[in-house]
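Chemist: So that we are looking at the same thing, I have put the structure below in structure tokens.
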């Protein structure tokens with residue numbers, strides 16, 4: 001398990017190294033705009049299945065993906081004009097919010113657990129958005145913990161994860177929030193249903 005330290009959100013060399021590792025199918029543990037998460041490219045069944053193994057979690061649970069822009073969200077999800085208006089408002093608010101939308105079936109089935117919906121978030125972190133833009137594929141972001149257990153920090157990772165059954169790299173930094181994102185669903189008429197506050 002390798003370690004890197006996030007000293008500056010403008011560290012382009014670090015960002016390029018992380019993108020290269022994601023591109024090769026590795027699983028990274030890193031701070032997000034909410035809590036520490038486990039991430040991989042969302043179009044790799046092998047990488048996504050490794051996350052389930054690391055978390056000791058059954059594969060019947062859908063995962064949240066992070067996108068770099070509303071345009072990327074539209075590439076992977078059906079978003080009508082009314083939903084687009086609501087999404088812009090939600091994603092410009094201060095609270096990080098993941099949104100359930102009907103997906104286009106372009107990502108691996110392990111991400112959606114065969115659901116018609118995909119949980120999508122545009123992260124507040126400029127560092128993450130630039131990473132995803134460079135990768136040109138959404139990334140999975142799920143809490144860094146064993147299923148049902150508290151989320152751990154980057155400094156605690158070596159106490160919990162071991163070589164071969166942990167992330168390939170841990171990015172040490174501070175998450176911006178201490179709790180998971182808000183979760184909502186937007187129907188075709190733009191009505192918002194709150195699923196997790």
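Here, each number is a calculation from the coordinates, and none is a lab measurement. Values in this document were obtained by computation on a predicted structure and should not be read as measured data. Here the Cβ positions follow ideal geometry from the backbone for every residue, glycine too, while neighbour counts run over all protein chains shown.
Chemist: So how tilted is helix 12-23 from the main axis of the chain? Cα-based, degrees 0 to 90, rounded to 10.
Modeler: 80
Chemist: Could you compute the FRET efficiency for residue 94 and residue 2, with r as their C-beta to C-beta distance and R0 at 25 Å, rounded to 0.05? List each step's numbers first, then the result.
Modeler: Working: r = 33 Å, r/R0 = 1.33.
The calculated FRET efficiency here is 0.15.
Chemist: What length, rounded to one decimal in nm, is gained on full extension from residue 153 through to residue 115, with 0.36 nm per residue of separation minus their alpha-carbon distance? Can you show the working numbers first?
Modeler: Details: separation 38, 0.36 × 38 = 13.68 nm, distance 3.03 nm.
So the chain would gain 10.7 nm between residue 153 and residue 115.
Chemist: Can I ask one more? Calculate the FRET efficiency for residue 59 and residue 165 from the Cβ-Cβ distance with a Förster distance of 22 Å, rounded to the nearest 0.05. Intermediate values should be presented prior to the final figure.
Modeler: Working: r = 16 Å, r/R0 = 0.73.
The formula returns an efficiency of 0.85 here.
Chemist: Let me ask something else about it. Say we join alpha carbon atoms closer than 10 Å with springs in a Gaussian network model of the chain; which of 148, 173, 37 then has the biggest fluctuation?
Modeler: Taking springs between Cα atoms under 10 Å, the residue moving most is 148.
Chemist: Taking the 0 to 90 degree range and rounding to the nearest ten, how far is the long axis of helix 126-135 tilted relative to the main principal axis of the chain, both from C-alpha atoms?
Modeler: 90
Chemist: For the chain, what proportion of DSSP beta bridges, expressed in % and rounded to the nearest 5, is antiparallel?
Modeler: Working: 18 of 31 bridges.
So the antiparallel bridges amount to about 60 percent of the total.
Chemist: Then there is this: Which of these values of Rg and Dmax of the Cα atoms in Å was calculated from the structure shown: [x] 15.7, 48; [y] 20.8, 66; [z] 19.5, 58?
Modeler: Of the labelled values, this structure produces [x].
Chemist: Okay, next question. How do 151, 137 line up, fewest other C-beta atoms within 10 Å first?
Modeler: Details: 151 16, 137 20.
Ascending Cβ contact count within 10 Å gives the list 151, 137.
Chemist: I'd like the FRET efficiency for residue 69 and residue 24, computed as 1/(1 + (r/R0)^6) with the beta carbon distance as r and R0 of 22 Å, rounded to 0.05.
Modeler: Working: r = 24 Å, r/R0 = 1.08.
Result of the calculation: an efficiency of 0.40.
Chemist: Over the chain, calculate the relative contact order: mean separation of alpha carbon pairs under 8 Å at least 6 apart, over the residue count, as a percent. Don't jump to the answer; show the numbers that get you there.
Modeler: Numbers: 394 pairs, mean separation 72.2, N = 197.
About 37 percent, as a whole number.
Chemist: To continue, here is another question. If I model a spin label at residue 187 and residue 82 as a point 7 Å from the Cα along the Cα→Cβ vector, what separation in nanometres do I get?
Modeler: Once both label points are built, they end up 0.9 nm from each other.
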